[in-house]
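Working notes for the structure below.
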Amino acid sequence: MVPVKAVLDILALLAALLGMAPLFPYLGRMPRLLFPAAVLWAVVAGWKRFPPLRGWRATVLTGIFFLYYAVQFSRDNVVEPAANLLAVLLSIRLAGEKIPRNYLQIHALSLFALAASTAFTLSGAFLVYLALLLLTIAVSLVLLTFFTVDSRLSLTRRGMRRVASVAAAMPVASVPLILLFFII
């Protein structure tokens, strides 16, 4: 039996890594230190049942970093503070408790981080990261529907494979529509 929460945790980490990989070289020192620490915290918290960052602590930490990067915004300097803030917000969310809303926020922040990387450079690797991230998000969203019904749900390996394959087929099936809408 495979716990749905464990799979969601792995997919959230994978999404965060996929979203941050192209952005990471362009980040400032603080986000470069916080993101690996948050990933490590999330792994240890899930494995050792270590308490996650939650409640007012996460809110205060978010507010401090928001103010720190907000004063760096200017007409000439928009991209770098925004990218750094996205990385910090994703790091705080990764280190936080994993509830359905937070999983959705991790996926959204990962997608925004990937989009922010295009402000620095745009290469063919972006499409690979985007495809993998969309696939990860699609599978996560399907599993999240199960998780919201029963947070302690476990599926057999065969059942998990079936759910994952159906979820993975969703983005593949939408490719013709994406191409059609792109042309229109």
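The values are calculated or read from the model by the stated rules, or taken from the named source; none is laboratory data. For clarity, every value in this text was computed on a predicted model and none was experimentally measured. Using ideal geometry, Cβ is built from the backbone for each residue, glycine included, and neighbour counts are taken over all protein chains shown. Surface accessibility is based on the protein's heavy atoms, side chains included, excluding ligands, DNA and RNA. Shrake-Rupley method; radii C 1.70, N 1.55, O 1.52, S 1.80 Å.
In table form, for the structure just shown:
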| item | result |
| --- | --- |
| Only one of A95, A108, A45 that is free of Cβ contacts under 8 Å to residues at least 12 places away in the same chain and open to solvent by less than 60 Å² (accessible area, probe 1.4 Å) | A108 |
| Evaluation of V172 against (1) touching a helix residue (DSSP H, G or I) at 6+ places or on another chain (Cβ under 9 Å); (2) open to solvent by less than 60 Å² (accessible area, probe 1.4 Å); (3) without any contact (Cβ under 8 Å) to a residue 12 or more places away in the chain (one fails), failing number | (2) |
| Qualifying residue in region 53-75 (condition: in contact (Cβ under 8 Å) with a residue 12 or more places away in the chain, open to solvent by less than 50 Å² (accessible area, probe 1.4 Å) and either outside any helix (DSSP H, G or I) or under 27 Å from I178 (Cα atoms) (or both)) | yes |
| Which numbered condition A82 fails, given (1) open to solvent by less than 50 Å² (accessible area, probe 1.4 Å); (2) assigned to a helix (DSSP H, G or I); (3) under 29 Å from A6 (Cα atoms); (4) not aromatic (F, W, Y) | (3) |
| Subset tally (residues that are open to solvent by 60 Å² or more (accessible area, probe 1.4 Å), over 13 Å from the mean Cα position of the chain (by Cα) and hydrophobic (A, V, I, L, M, F, W, C)) for region 111-130 | 5 |
| Subset tally (residues that are open to solvent by less than 60 Å² (accessible area, probe 1.4 Å) and part of a helix (DSSP H, G or I)) for region 136-165 | 13 |
| Pairs with Cβ under 8 Å, 6+ apart, first in region 114-131 and closer than 17 Å to E80 by Cβ, second of a type in the set (A, V, I, L, M, F, W, C) and not in a helix (DSSP H, G or I) | L114/L23; A116/L23; S117/L23; F120/L23 |
| In region 94-122, the residues that are within 15 Å of F24 (Cα to Cα) and either at pLDDT below 90 or outside any loop (DSSP other than H, G, I, E, B) (or both) | L109, S110, L111, F112, A113, L114, A115, A116, S117, L122 |
